[in-house]
Amino acid sequence: MKNTPEGFINLVHQRYSDEESRLRAQQFYKLMSSRRSVRFFSDEKFDRRLLELAVMTASTAPSGANKQPWKYVIVESPEIKREIKIAAEKEEKENYERRMPKSWLDDLKAFGTDWHKDFLEVAPYIVVVFKIDYLNEDGSMKKHYYVNESVGISVGMFIAALQNIGLVTLTHTPSPMNFLSRILKRPSNERAFLLLPVGYPHPEAVVPDIERKGRDEVMEII
Ligand SMILES: Cc1cc2nc3c(=O)[nH]c(=O)nc-3n(C[C@H](O)[C@H](O)[C@H](O)COP(=O)(O)O)c2cc1C
């Protein structure tokens with residue numbers, strides 16, 4: 001394009017050599033394949049600016065019509081973390097003892113999980129991601145598009161950003177999650193999407209011995 005059309009800017013793009021691309025692809029795959037969901041945290045604190053950078057990385061995600069329909073609430077207050085733990089455990093106790101069908105409980109056996117969620121108090125930070133379904137502007141409701149897809153992509157980038165700096169997390173979904181809006185005093189257009197404790201792993205942390213699907217199971221080339 002000879003002239004840059006109004007409302008556009010020139011793309012900034014980094015092109016790598018074939019060899020460098022191959023190397024970077026392998027290195028990134030290696031980094032990401034060592035990611036695991038962690039349920040045993042150390043209470044060791046870390047510089048909150050690292051978390052803020054990870055959130056800003058997550059916030060570079062693509063989104064339907066660029067609405068960026070997410071809000072990341074970083075909780076470091078021990079009192080609020082405790083309040084979240086108590087409320088999450090109340091829901092999870094109900095889930096494990098009454099709401100979940102046997103087939104679901106059977107599927108969860110490999111993970112050794114139950115309604116106790118100690119990590120919600122131990123991890124130095126809990127990040128609660130809210131999705132923003134619409135905005136109230138000038139008295140009218142402006143709906144967002146592809147909200148779940150957009151927020152899901154953003155959280156994926158957040159998890160990758162944490163992995164890149166050696167922090168660990170768990171994608172946690174205590175269901176239903178309405179209590180998070182109440183405790184964190186969120187406006188009515190925000191709904192809790194996921195909750196992620198973030199920190200360093202406990203020195204004796206263990207993870208389930210589970211397998212990832214192989215190349216031929218996850219892709220087809222036609
Ligand atoms: C949307 C979503 C919700 C999840 N919810 C929970 C949860 O509530 N509690 C939990 O212990 N793990 C939860 N997990 C973690 C999964 O169990 C975990 O990602 C899966 O077993 C694969 O293990 P890995 O992350 O170590 O590769 C969730 C994962 C996703 C993607």
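The values are calculated or read from the model by the stated rules, or taken from the named source; none is laboratory data. Predicted, not measured: the structure shown is a model, and the values here were computed from it. We place every Cβ from the backbone using ideal geometry, glycine too, and count neighbours over all the protein chains shown.
Data for the structure
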{"item": "Subset tally (residues that are assigned to a loop (DSSP other than H, G, I, E, B) and under 16 Å from H172 (Cα atoms)) for segment 75-98", "result": "0"}
{"item": "Residue list for segment 94-129, filter: away from the ligand (no atom under 13 Å from the Cβ), among the hydroxyl-bearing types (S, T, Y) and under 20 Å from the mean Cα position of the chain (by Cα)", "result": "Y125"}
{"item": "Count of segment 1-49 residues which are among the hydroxyl-bearing types (S, T, Y) and more than 30 Å from H202 (Cα to Cα)", "result": "4"}
{"item": "Residues of segment 131-154 classified as touching a Phe, Trp or Tyr at 6+ places or on another chain (Cβ under 6 Å) and either modelled with pLDDT of 95 or more or of a type in the set (D, E) (or both), total", "result": "3"}
{"item": "Filter result (away from the ligand (no atom under 16 Å from the Cβ) and surrounded by 16 or more Cβ atoms within 10 Å (Cβ to Cβ)) within segment 51-60", "result": "L51, A54, V55, T57"}
{"item": "Top-ranked residue of segment 155-197 - restricted to ones that are within 11 Å of the ligand (Cβ to nearest atom) and of a type in the set (G, A, S), ranked as modelled with the lowest pLDDT", "result": "S175"}
{"item": "Condition check for N10: under 30 Å from S188 (Cα atoms), modelled with pLDDT of 95 or more, more than 16 Å from the ligand (Cβ to nearest atom) and not aliphatic (A, V, I, L, M)", "result": "no"}
{"item": "Number of the exception - A25 against (1) farther than 30 Å from V147 by Cβ; (2) of a type in the set (A, V, I, L, M, F, W, C); (3) surrounded by 12 or more Cβ atoms within 10 Å (Cβ to Cβ)", "result": "(3)"}
{"item": "Selected residue (only one of A25, A65 is of a type in the set (G, A, S) and at positive phi)", "result": "A65"}
{"item": "Neighbours by Cβ (under 6 Å, 6+ apart or cross-chain): first from segment 128-154, in contact (Cβ under 8 Å) with a residue 12 or more places away in the chain; second of a type in the set (V, I, T)", "result": "V128/V73; V129/V155; K131/V147; K131/V151; D133/V147"}
{"item": "Selection within segment 99-156 - in contact with a His (Cβ under 9 Å, 6 or more places away or on another chain), aromatic (F, W, Y) and outside any helix (DSSP H, G or I)", "result": "Y134"}
{"item": "Residue list for segment 198-222, restricted to those being in a loop (DSSP other than H, G, I, E, B), within 15 Å of F41 (Cα to Cα) and away from the ligand (no atom under 11 Å from the Cβ)", "result": "Y200, H202, P203, E204, A205, V206"}
{"item": "Residue list for segment 50-74, restricted to those being touching a residue at least 12 places away in the same chain (Cβ under 8 Å), assigned to a helix (DSSP H, G or I) and of a type outside the set (S, T, N, Q)", "result": "L50, L51, E52, L53, A54, V55, A58, G64, A65"}
{"item": "Neighbours by Cβ (under 7 Å, 6+ apart or cross-chain): first from segment 28-49, within 10 Å of the ligand (Cβ to nearest atom) and at pLDDT 95 or above; second outside any loop (DSSP other than H, G, I, E, B) and of a type in the set (F, W, Y)", "result": "R39/F119"}
